[in-house]
Every structure is written in C-alpha cells, then in structure tokens.
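Read the figures in this text as sums done on the coordinates, not as results from a lab. Given the structure is predicted, the values throughout are model-derived calculations rather than measurements. Neighbour counts are summed over all protein chains in view; Cβ atoms, including those assigned to glycine, are modelled from backbone coordinates with ideal geometry.
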Amino acid sequence: MQDYETLLKRAEQKINRADVRERFEMPIAIVSVQGNSTTIANFAELARTLRREPRHVLKFLTRELAVPGELQGNRATFQGKFTPEQLRMKLERYANEYVFCSCGKPDTDLVREDHLLRLKCQVCGTKRVVKEIG
Ligand SMILES: [Zn+2]
C-alpha cells in the first residue's frame with residue numbers, strides 16, 4: 001500500500017526527470033590560484049567535452065568574469081582569483097547557451113547562417129540563434 005507521500009515523491013521525481021536534461025559528464029575543472037591569477041589546468045579537455053573551440057569557451061569566460069584570460073597549451077589562465085565553483089557555474093552557463101539544444105541533447109554544432117551564429121541540433125534539427133561573443 002502506497003501512502004500519499006510516496007506517490008507525491010514519485011510524481012516529483014517524474015517531473016524532475018522530464019525537466020532535467022540528459023546528464024552530461026562535464027569533467028571537473030582543475031583550478032589553481034597563483035598570486036592574482038587563476039588557472040584551469042584541463043581547459044582543453046573541458047572544451048573538447050563540450051565539443052567547442054577552446055578559444056570560444058575562453059572568450060565566453062573572459063566576458064563573464066570580466067577579466068582578461070589566455071590559452072597556454074591545455075591550460076587557460078585568467079587574471080583575478082576565482083573559485084572552482086564560480087568557474088563551474090560559468091562553464092555550465094556556457095553549456096546551456098552554446099551546447100545544449102532545448103530538447104536536452106548536447107549533440108549540437110555552432111553554425112553561421114545569414115550572418116547569425118546558430119546552435120543546430122543533430123538530434124531534433126532545431127536551430128536557434130545564439131549571441132556572438134566578443
Ligand atoms: Zn534538439
């Protein structure tokens with residue numbers, strides 16, 4: 001016999017499941033602060049997981065963090081001190097804006113059409129215009 005709470009919980013879980021996009025394994029950013037700059041050691045790997053150009057991700061982060069940043073091999077260094085949590089939130093925002101389709105899939109490409117940058121989904125075919133960075 002199921003009580004009301006169990007049923008409610010199950011209903012909630014269903015809603016959450018429908019709501020939450022397919023789980024996407026974003027590697028954890030390896031962040032270190034030295035002096036007044038912050039380095040992400042595995043930046044190239046993060047960009048690869050997002051299937052985006054490291055330079056594009058970097059541009060987004062420098063704009064979001066409002067500081068200069070540069071790529072050095074696999075690493076990206078930003079001026080200023082940032083916590084791993086701050087950087088993770090920015091990377092998630094990037095993923096939401098430039099990687100995930102509204103259908104929840106990360107299988108997308110950035111394409112330029114009619115002078116506009118669009119996110120094109122390989123799964124459902126949806127295209128939406130996204131903001132230019134920089
Ligand atoms: Zn889609």
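Observations, loosely collected:
- Volume per residue that the Cα convex hull of region 74-126 spans, once the total is divided by residue count, Å³: 119 Å³
- Too-long pairs where the Cα-Cα distance tops 32 Å, listed order kept, from Lys9/Lys59; Lys9/Lys105; Lys9/Lys127; Lys59/Lys120; Lys59/Lys127: Lys9/Lys59; Lys9/Lys127
- Between Arg93 and Glu5, the FRET efficiency from the beta-carbon distance, with R0 = 25 Å, is close to 0.10.
- Convex hull volume per residue for the chain, taking Cα atoms only, in Å³: 137 Å³
- Coupling constants for region 45-53 follow from the phi torsions by the Karplus curve (6.51 cos²θ - 1.76 cosθ + 1.60, θ = phi - 60°), and in residue order they are 5, 4, 5, 5, 5, 7, 6, 10, 5 Hz; glycine and proline get x.
- Remark: the Arg75-Ala41 segment gains 11.8 nm on full extension, using 0.36 nm per residue and subtracting the alpha carbon distance.
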